[in-house]
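One structure below.
A short reminder: the numbers here are calculations on the coordinates, not readings from a lab. Since this is a predicted model, take the numbers as computed values, not measurements. Neighbour counts run over all protein chains shown; Cβ positions are idealised from the backbone, glycine included.
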Amino acid sequence: MYLPDGLITALKSSRKVLVLTGAGMSAESGVPTFRDAQSGLWERYRPEDLATPEAFRDHPQIVWDWYAERRDNIRKVSPHAGHAALVEMEQYFEKFLLVTQNVDSLHQQAGSSDVIELHGNIMLSICSETGKPIEDDWIESNPGRPPVSPHHPQGLARPAVVWFGEALPEGAMNRAMAEASACDICFSIGTSSLVQPAASLPFIALDAGAVVVEINPAPTSLSSKAQFSLQATAADALTAIAADLARCK
Ligand code: OAD
């Protein structure tokens, strides 16, 4: 893939990198994005109808089953060449922070060392009343859909993800914003730049004078603002960047 002149030069003169990723980063691993049409059982639901505390309160089984199906799908997939390229790129920089909106742990599986999960992790469970973690063996040994919680008489097990209207994990966004205002270059990969506060990170980096690189086959609200907007898939663009960096670093 051809990379625009100036991109590798900007990378060569950078020490601190922030990478923001979204569902498009996992698409080539086989995880559908949020704005892709829902399929099968979930065709008649919008993600934002299912990913809320209200939906869980009113329809706990429907919400639990939706997440159970997504968990099963995620167990079957693995990181792709784009995830591996991000791991490879880490070695060329003093600081390389990965901030993901994804809940699928694919970056960690690929070996990324410094990852902030802004929207939680779908494979983990917590108590709906206390927020306390619930171990997998409790989930496996308690058949309910969802299982009851061991921590509270009215509690149910729920996925440890951030639902619409809920706060992000304590400190995660503060650290991401601090790093965005201190980075030399900020990547925005596979995100529609629609959901706040994550979508504000590349704009914080821009305002702080950083170079912003967007990787997305489709345009977003960030495309016209980014210094480099690569209309390509995550795997294609990141493997090309890692290869060029290896050649010149
Ligand atoms: P979206 O589904 O909104 O956007 C995915 C983006 O990835 C789109 O802009 C696609 O064009 C792009 N894309 C698709 N395939 C790609 C590929 N192979 N390589 C690169 N880009 C590709 O997902 P997010 O922006 O991540 O929040 O959505 C943000 C948040 O909204 C999610 O984290 C979730 C959702 O509701 C919560 O659940 C709190």
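Each Cα pair under 8 Å and six or more residues apart adds its sequence gap; the mean of these over the residue count of the chain is a relative contact order of 25 percent.
The GluC sites (Glu not before Pro) of the stretch 1-107 that meet both conditions, a loop assignment by DSSP and at most 10 other Cβ atoms within 10 Å of the site Cβ, are E94. In terms of surrounding Cβ atoms within a 10 Å radius of their Cβ, C186, C248, C127 rank from fewest to most as C248, C127, C186. Both the radius of gyration and Dmax for the chain are 18.9, 61 Å, in that order, over alpha-carbon atoms.
For the stretch 163-206, GluC sites (Glu not before Pro) meeting the loop criterion (DSSP other than H, G, I, E, B) and having at most 10 other Cβ atoms within 10 Å: E170. Computed from the alpha carbon positions, the gyration tensor of the stretch 79-223 leads to an equivalent ellipsoid with semi-axes of 33, 17, 14 Å, biggest first. Scanning the chain for long hydrophobic helices, with DSSP H runs required to stretch 18 angstrom or more by C-alpha along their axis and to average at least 0.5 on the Kyte-Doolittle scale, returns 234-248. Applying a DSSP loop filter and a limit of 14 other Cβ atoms within 10 Å to the chymotrypsin sites (Phe, Trp or Tyr not before Pro) in the stretch 1-90 leaves Y2.
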